[in-house]
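I am attaching a structure below and will ask some questions about it afterwards.
Rule-based calculations on the coordinates, nothing more; no lab input. For clarity, every value in this text was computed on a predicted model and none was experimentally measured. Cβ atoms come from the backbone with ideal geometry, glycine included; neighbour counts cover every protein chain shown.
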């Protein structure tokens, strides 16, 4: 798990972990960061300037629904699909 979180709250265990793409906003980066990001993204075949939003909102909503259902199960509630 995440070391800093474990250090602050050692008894906390995640019920789900989600990894999602984010955004690239080259104009908001400092010059050194912009150059580093361009190298990384160019290597991956991505865009190297401008603003780009790679978030998959439907995927995020599906994951959030699963987290809701897991929490509801632990609390003895109904799932979000059941009302």
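In what order do 23, 48 fall by count of nearby beta-carbon atoms within 10 Å, going from fewest to most?
Going from sparsest to densest Cβ surroundings: 23, 48.
When a/c is below 1.5 the answer is rounded, else prolate if a/b is larger than b/c, else oblate, so apply that to the chain with a ≥ b ≥ c taken from the square roots of the Cα gyration tensor eigenvalues.
Oblate is the answer for the chain, as a/c is 1.5 or above yet b/c matches or exceeds a/b.
Which FRET efficiency value, to the nearest 0.05, do you get for residue 15 and residue 36 by plugging their Cβ-Cβ distance into 1/(1 + (r/R0)^6) with R0 = 35 Å?
Taking R0 as 35 Å, the efficiency between residue 15 and residue 36 is 0.50.
By how many degrees, between 0 and 90 and to the nearest 10, does the Cα long axis of helix 31-44 differ from the longest principal axis of the chain?
70
A further question follows. To the nearest 10 degrees, how steeply does helix 57-75 sit against the main Cα axis of the chain, on a 0 to 90 scale?
It works out to around 30 degrees.
Neighbour counts of other C-beta atoms within 10 Å: give me 49, 27 arranged from fewest to most.
The most exposed by this proxy come first: 27, 49.
Next question, about the same structure. Along the Cα-to-Cβ line of residue 27, 7 Å from the Cα, sits a label point; which residues in region 40-59 have backbone N less than 15 Å from it?
Counting backbone N atoms under 15 Å from the label point, the list is 48-53.
Only counting other Cβ atoms within 10 Å, I'd like 66, 4 sorted with the fewest neighbours first.
In increasing order of surrounding Cβ atoms, one gets 4, 66.
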